[in-house]
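To start, the structure under review is shown below, and the notes come after it.
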Amino acid sequence: MAKSVLILMGSKSDLTTMSKAAAMLRKLGVEYELTVASAHRSPERVDRLVRGARDRGVGVVIAGAGLAAHLAGVCASATTLPVIGVPLAGGKLAGLDALLSTVQMPSGMPVATVGIDMATNAAVLAAQMLAIEDADLAARLEDERAEMAKAIEEAAAELES
């Protein structure tokens, strides 16, 4: 049973955003690999990391990139593992170009796509995918949701008092 997540980012400058995925996976007790691999500048590295992912116990790939944002699509072309794309803000279009490049994949090459800069959601979605066959992880996800609900209740009580 695969229990880890491969987190790729196209550039080290993406670390500020993509580290949020790592932080959420850490909080949920999910192992992960985090590294830089560019669809354009190091395609052989991307291919090697993604093609060998299943053998390393990876169950889901998260790929974050901005601008042309081909990283998630290149990952999807190299594996049958689920790929989650994180379009990153930047450039003149503030991430809209990355969003469209990530979500508009050709038929047969799906990339699950979260919102611009929403690396935390990518991590939660990856954990949900892994939790299909991992009851302990499913329970940790339930606990995380309960914490979020509690925080809202506390905020509401504070405002209402």
Checking ILE7 against (1) farther than 25 Å from GLU142 by Cβ; (2) out of contact with any Cys (no Cβ under 9 Å at 6 or more places or on another chain); (3) not in a helix (DSSP H, G or I), which single condition isn't satisfied?
-> (1)
Among LEU25, LEU34, LEU49, the single one that is closer than 19 Å to LEU141 by Cβ, among the aliphatic types (A, V, I, L, M) and at pLDDT 95 or above is LEU25
Give me a count of the residues in the range 44-57 that are part of a helix (DSSP H, G or I) and under 22 Å from THR17 (Cβ atoms).
-> 4
Among the residues of the range 80-93, is any charged (D, E, K, R) and free of Cβ contacts under 8 Å to residues at least 40 places away in the same chain?
-> yes
Any idea which residue in the range 58-71 is modelled with the highest pLDDT, counting only those that are in a loop (DSSP other than H, G, I, E, B) and crowded, with 18+ Cβ neighbours inside 10 Å?
-> HIS70
Looking at GLY91, GLY115, which one is in contact with a Leu (Cβ under 6 Å, 6 or more places away or on another chain), within 21 Å of LYS20 (Cβ to Cβ) and assigned to a loop (DSSP other than H, G, I, E, B)?
-> GLY91
Considering only the range 10-25, state which residues are more than 16 Å from GLN128 (Cβ to Cβ) and outside any loop (DSSP other than H, G, I, E, B).
-> LYS12, SER13, ASP14, LEU15, THR16, THR17, MET18, SER19, LYS20, ALA22, ALA23
In this structure, is ASP97 surrounded by fewer than 23 Cβ atoms within 10 Å (Cβ to Cβ), acidic (Asp, Glu), outside any loop (DSSP other than H, G, I, E, B) and touching a residue at least 24 places away in the same chain (Cβ under 8 Å)?
-> yes
Per the list (1) out of contact with any Pro (no Cβ under 6 Å at 6 or more places or on another chain); (2) surrounded by 10 or more Cβ atoms within 10 Å (Cβ to Cβ), residue check on ALA135 breaks on (2)
Set SER38, SER4, SER13, SER42: member being more than 13 Å from the chain's Cα centre (by Cα), among the polar types (S, T, N, Q) and surrounded by 15 or more Cβ atoms within 10 Å (Cβ to Cβ) = SER38
If we ask which residues in the range 83-94 are surrounded by 18 or more Cβ atoms within 10 Å (Cβ to Cβ) and at pLDDT 95 or above, their number turns out to be 6
Which is of a type outside the set (Gly, Ala, Ser) and part of a strand (DSSP E or B), of VAL74, VAL86?
-> VAL86
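The values are calculated or read from the model by the stated rules, or taken from the named source; none is laboratory data. Keep in mind that this is a model prediction, so the values were computed, not measured. Positions of Cβ are backbone-derived with ideal geometry, glycine not excepted, and every protein chain shown enters the neighbour counts.
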